[in-house]
Structure formats: C-alpha cells, structure tokens
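Let me begin by presenting the structure, written as structure tokens, before commenting on it.
The values are calculated or read from the model by the stated rules, or taken from the named source; none is laboratory data. Treat the numbers as computed from the prediction; the structure is a model and nothing was measured. Cβ coordinates were reconstructed from backbone atoms using ideal geometry, including for glycine residues, and neighbour counts include every protein chain displayed. Accessible surface is based on the protein model in full, side chains and every heavy atom, while ligands, DNA and RNA are left aside. Shrake-Rupley method; radii C 1.70, N 1.55, O 1.52, S 1.80 Å.
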Amino acid sequence: MSKTLITCDCMGSQTIDAAALSAATGLEVAPPCKALCTDQAALAAKALTQGNAVLCCTQESRVFEALADELGTAPAPLLDLRDRAGWSADPASKLPKMSALAAEALLPAAPEKSLDVVSEGLCLILGAPEAALAAAAQLAPHLGVTVLLEEAGELPDARSFDVIEGRLRKAQGALGQFRVTIDALRQIEPGGRGSFALGAPQDGGISDCDIILDLRRAPPLFPAHEKREGYLRADPGSLPAVAAAVMEASHLVGTFEKPLYIRSEPLLCAHSRAGQTGCTRCLDLCPTGAISPAGDHVAVDPMICAGCGACSSACPSGAVSYDAPPVDLTFRRVQTLAKAYLAAGGTAPRLLVHDARGAEMIRLSARHGDGLPADAVPLEMAAIGAFGHAEALAALAAGFASVTLLPGPGADRDALAAQAALAAAIAGQARVMILDTPDPDAMSAALYAETAPAPVAAPVRPIGTRRQIARQAARALAPETASLELPAGAPYGAVEVDTESCTLCLSCVSLCPSGALGDNPDLPQLRFQEDACLQCGLCATVCPEDAITLAPRLLLTPEALEQRVLHEEEPFACVECGKLFGVKSTIDRITEKLRDHAMFGGDKLRMIQMCDDCRVNAQYHSESNPFSMGGPRRPRTTDDYLPKRRDH
C-alpha cells in the first residue's frame, strides 16, 4: 500500500509545496495543515485510521501516540521535515532535501536483536561509611543491599542490609552478572549481646551481584565506566549526584532487553595464527574491554559491549560488524538520500552524520537560529562510530560533495579521527571532516561557511562488502589515479619482499588469514593478490628472514585483483629421477655447508639432492637402513622357564 505524507506548515512557519513534493517522491502528499497536533487533530485521526500515513511531525509524538492508543490503532511512522529542512535561513529550495528525507524514512527498518538480562536487585555499595551507609538505608526497602567498607568502624545495629569489611581486588561483569573478588573479607557475626562483631578475615571472597553503586573517591572499576550498564558511580561529596545514582539503582530491578550491537564472523578474523599476533585493531579501540583474544580470533562479550561501533569501522576483514542497524542498511540509507536529492533537481548535497545529541542540536538551531543549509542533508546514526571510511567513501561516490561528522559526547574521537583521516586520504582532504562542537549556532555557522568541492561527475552506488565498496568508490572518485598512498595502519596495501633474503620457505603463505599470499604447487613462487591483503602484519611477524615489509596504499588498477609473483627461483631437479622439487639455491647452499660434516659422508650428502620418494628408497637400500627391524622375536615357551627352576 502506497504511503501518504501528512504534512504541516506549523502555523505557517515553513513552506511545503505538496504538489512538487508528491511529484518528486512519487507519494501522495496531502495539502499542508496549519496545526496538525491541535486544531486539525481530526486529520491525524483519519490518517491513523486509514493506516497508510506518515505524519510529518516528531515534536508532538506523544500526542499522536496517545491519539493512536485512543483509536485502538498502531502508531503512525513520524518524519521530521520541519527542523531538518523547513526551518532554515537558507533561501534555497528545500524540496530536494525533503524528498531525500522522505525516501530515506520509507526504507524498511531492520529487526532489532536483543537478549534478556535479569536483575534481581542485589546491590553492592562501595565507599566510606558516611556516604555508603546512608545510601544503603535509602535502597534497603527496594533492593537487596550489601555495603563493602575498607574499615567498618562502628557497625549499624540495623539488619535491613548487610555490612562487610574487606579490600576489593577486582570486579568483572555487567548488569545482572557482576562478580567481585574481595580480600581480607570479614562478615558480621549476628549473635551475642551488644554491638555486632566481625569474623576472621579471609582472602578470595566472591560477591555476585546485579548492581554496583560506587561512592568511592578512587578510580573507577572499569574502563569507560559510564558505558558499563549496572555500574553507577557518583562523587560522595555531591549530594545531588549521590541522590541521582541512588534513584537510578532503585529502578534496576526486573528483566531488561540488552541490544546485540555486534555480529561476528570468527573465521574471517585475522587476529593471530600459530600463536603469532596479527591484527589488533578492534582490541586497541574497544573502550569498554568487551573484546578479548580467543585463540586465532577475538570474542565480543555482548553484556559489556556498549555499541560504540568503532570496531566495525576499523575491522579490515568484516569479522566484526555493526548490527544495530546492520552495515548494509547504512549504505542503503546513504545511497537513497543521495539518489532522491539528485532526482528532485538538487545539486552538490552535503552529508551531515550525527547521533542523538546532534539531532537535538539541529532542533535547537532550527528553532532558535539559522537551522541547516538547504544542501546539508542530515543522517542520524545510533552510533556515529559505526560510520567509517567505507561509508564516507560510499556517500561521496553516490553524489555527496562532502561528508561532515558531528560527534556527540559519548563518541570515541580518536577512532573517528582515524577513520576520517583514512577517508580523506582516499577521497581528498576537503571532502571528509569532523565538526566537533556542542554549540548549535557554531554548528550551523560552520556548515553555512563551508565551501565544498564539486561532487563526483558520475555517481555510482557500489555493493558488496565494506572493502569492496570502499575500493569501487575510490575508483569513481579518482578515475585517473593508479595508486593512493595511505597513512600507516591502513587496512589496504601491498607486501614487499626482499628477494635477496627470502628463501621461499612459504611460512607466510601458510599463516596468511585472507589468502592474499599464495604459492605455486608446480614452481617455487611466492604470489600475492593485493585487494585481499588486510595489512595484519602476520607475514612480517613470522618471516624467519625478516624479508617482508608492509606498504599501506590503495591500488586502483585491475592489477589489484590479480595474483602477481613477488619472488621466484629456479627449482632443483632430483639427482635420481629428475623430478623438480625445492629451491635450487637453497639446496645448493645446504649441500655446500654440510659437505665436510661427519654425519653426511658417503652417499648421505647426495640424499639431500633427492626428492622425497628417491630419498626414502635410497635410505631403505643403504647399509645403515633406518627401516630395518630384523627378524621376528622367538616366542618363549615352558621349556625356556623350566631350566631356571630348582624344584623340578
């Protein structure tokens, strides 16, 4: 069923050309209302009843949800055309941007994946007695509370919560699954008259809890602690902060849905082979420590993962990819925005990628400032870190003149800067940039002041993996360029071999995780396919001659997709049968070194120059045959034992 856009000019504060918007989008667009959320709510009710409408207002979402609940219908999808397009000081036409935003809003949403997390309300409070005991008294009616004090001092008489003394050794886990190890643990002995006493100290005590309320002045227990669900930390000297943490803790009881942000493909991972470490990009970036080595690949703990998306952008092989929403949906959104904008008559659009904080800045700028320029098309991401160099290149290849990243307070700026630098190295410095400001007016002013370069003349919309899309986009952006030099650590590049040092042992071939390095079963050759190389460094690590170095670059010619010979030598012919095997220079060198060795006298030295079959045959017929076992041993009988006895 075709969708109908129900538009509203919000008391005449914006201009909407319904006929032109309908022609550009191919959708039915009703004439704009004046006050859809108040005086003309009947039109919204009618649209909800019909069930095929998109309400172009997000500000009054609660009103429309309440109206749908009253009518007993499903809530209608909402689309913000006002703040992102209509409210703007730019006199240029907003039709191309509105068309793009409408087309993107109609893309089917990916189903959300999650797992259930159960919290029974067991709370461990850390801190000095004054703050910790006061917080425990407030939480005791709602949670099962245990207070850990380094020095208990005078113990409270109340038994509505537990008090223990000890020294915290380590903590691990997340909401519903925390495990804390405590040394010198002393627990209350509840019997007897007078004040409570503590038992004997014990090391290695374990406390399993659902929530940790940290009121210490010490460093936090976890990296990126603000992203660790169930771990609440407040300055004990700030009463409002402690009160807010206590309030939040009291609500962490029940069953919660934990989003599954990351999808992993362990077989694609290039972390290590044969005990040698290769790629560590995701391990180096993960702020929460959710990623850890697990043999030849890495493992992602979904309970700890906060969904920043940095690992997905940096992973060279696709072993780790963002899944909330999936990577392919992000590419479709970018390409849909560009295609719809250009189809509606727009030229040289600019993409503004932002998160929820950026969406709020756009709303504030639209209401109280100049808003966004008419050619600045916003794209909201759940995690801006998941928008990496491949996504930026795909946007530029699709027709955007530039890509601007607007990080929020929780974004990993170092990871984002690395991806932006890689994209800029491929596409050109002026095309990809980071706008790091919390000020809506400064954001708006920077966008109005930007002079973007001309977009690509012939837009393309590549498909495939992130690597394939990045390569195709780079070719569209630089059609006359054969190779692009990239910064160190880039996931694209070549392998360079010192042919004077390489002995063609092929250790690198056996451990290459992507198959970029290969051999020739018929000749002593080391072959290489550049587009498959992940620049993980395993080949350089395992090379016994240190003959391999990495050269980060992006080769855009067809040779990148072909195998080429890095090093080859003349094969050696078996001195017995003439079969080709091994490398002639290597066998000649070994023969020369062992010529005067005592263990290789006579025909033994000649065996080095034989193939496997001939060598075994020569050994079998030699005087010191290692395969000779002699005749079978005679079985012992009773007659063998009787002569040794004296009683017969």
Open item on the list: Run the simple label-point estimate for Asp162 and Ala74 please: 7 Å along Cα→C-beta, distance reported in nm.
Closed with: 4.8 nm
TODO: Could you name the lysines whose alpha carbon sits less than 23 Å from that of Lys34, not counting residues in the same chain fewer than 8 places away?
DONE: Lys3, Lys46, Lys94, Lys97
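Could you tell me what percent of the accessible area of the chain is made up of carbon and sulfur, with a 1.4 Å probe and every protein chain present?
Values: 16710 of 31970 Å².
Here it works out to 52 percent.
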Task: Inter-label distance for Leu283 and Thr347, nm, one decimal - labels placed 7 Å from Cα along Cα-to-Cβ - done: 5.2 nm
- [ ] Among (i) 26.8; (ii) 30.5; (iii) 25.6, find the value of Kirkwood radius over Cα pairs in Å that was calculated from the structure presented, and write down its label.
- [x] (ii)
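Relative contact order of the chain: what whole-number percent is it, with Cα pairs under 8 angstrom and at least 6 residues apart?
Numbers: 1264 pairs, mean separation 59.7, N = 648.
It rounds to 9 percent for the chain.
Run the helix sum for the chain: -39,500 (n - 2.57) per DSSP H stretch of 4+ residues, divided by residue count, reported at 222 nm to the nearest 500 deg cm²/dmol. Intermediate results must be reported in sequence, preceding the final value.
Working: 20 runs with 188 residues, N = 648.
After summing the helix terms and dividing by the residues of the chain, the value is -8500 deg cm²/dmol.
Pick out, in residue order, every one of the trypsin sites (Lys or Arg not before Pro) in the range 185-252 that is DSSP loop and has at most 15 other C-beta atoms within 10 Å; say none if there are none. Could the numbers behind the result be given before it?
Numbers: sites: Arg186, Arg193, Arg216, Arg217, Lys227, Arg228, Arg233; in loops: Arg193, Arg216, Arg217, Arg228.
In loop regions of the range 185-252 (DSSP not H, G, I, E or B), the sparsely surrounded trypsin sites (Lys or Arg not before Pro) are Arg193, Arg217.
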- [ ] With a cut-off of at most 13 other beta carbons within 10 Å, and DSSP calling the residue loop, which trypsin sites (Lys or Arg not before Pro) in the range 1-100 qualify? Please list them.
- [x] Lys34
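Relative to the present Cα-Cα distance, how much length would full extension add between Gln59 and Leu605 at 0.36 nm per residue of separation?
Details: separation 546, 0.36 × 546 = 196.56 nm, distance 8.74 nm.
That works out to 187.8 nm of additional length.
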Task: Sequence-separation-based contact order of the range 256-402, relative, with Cα cut under 8 Å and 6+ spacing, percent - done: 25 percent
TODO: Work out how much length Lys113 to Ala274 would gain on full extension: take 0.36 nm times their residue separation and subtract the Cα-Cα distance, in nm to one decimal.
DONE: 54.5 nm
Open item on the list: On C-alpha positions alone, give me the angle between the axis of helix 327-343 and the longest principal axis of the chain, in degrees, nearest 10.
Closed with: 50 degrees
Open item on the list: Nearest 10 degrees is fine. How inclined is helix 61-71 to the longest principal axis of the chain, computing both from alpha carbons?
Closed with: 80 degrees
TODO: Could you calculate the FRET efficiency of Ala243 with Arg367 from 1/(1 + (r/R0)^6), where r is the beta carbon distance between them and R0 is 41 Å, rounded to 0.05?
DONE: 0.85
- [ ] Determine the sum of side-chain charges near Pro31: Lys and Arg each +1, Asp and Glu each -1, restricted to other residues whose C-beta is under 13 angstrom from that of Pro31.
- [x] -2
Task: Under-5 Å amide H pairs with Leu555, H placed in peptide plane, nonlocal only - done: Leu484
Open item on the list: Could you tell me the center-to-center distance, by alpha carbons, between the range 285-342 and the range 371-393 in angstrom?
Closed with: 15 Å
- [ ] Could you work out how far the C-alpha centroid of the range 134-172 sits from that of the range 410-462, in angstrom?
- [x] 50 Å
- [ ] Calculate, in nm to one decimal, what Asp546 and Ser292 gain on full extension: separation in residues at 0.36 nm each, minus their alpha carbon distance.
- [x] 88.6 nm
Task: Relative contact order computed over the range 195-275 (Cα-Cα under 8 Å; 6+ residues apart), in percent - done: 22 percent
Task: Cleavage-rule hits, GluC sites (Glu not before Pro), the range 522-608, DSSP coil, Cβ neighbours within 10 Å at most 16 - done: Glu545, Glu562, Glu576
Task: Count, lysine Cα pairs under 24 Å in the range 495-648, 8 or more residues apart or across chains - done: 5
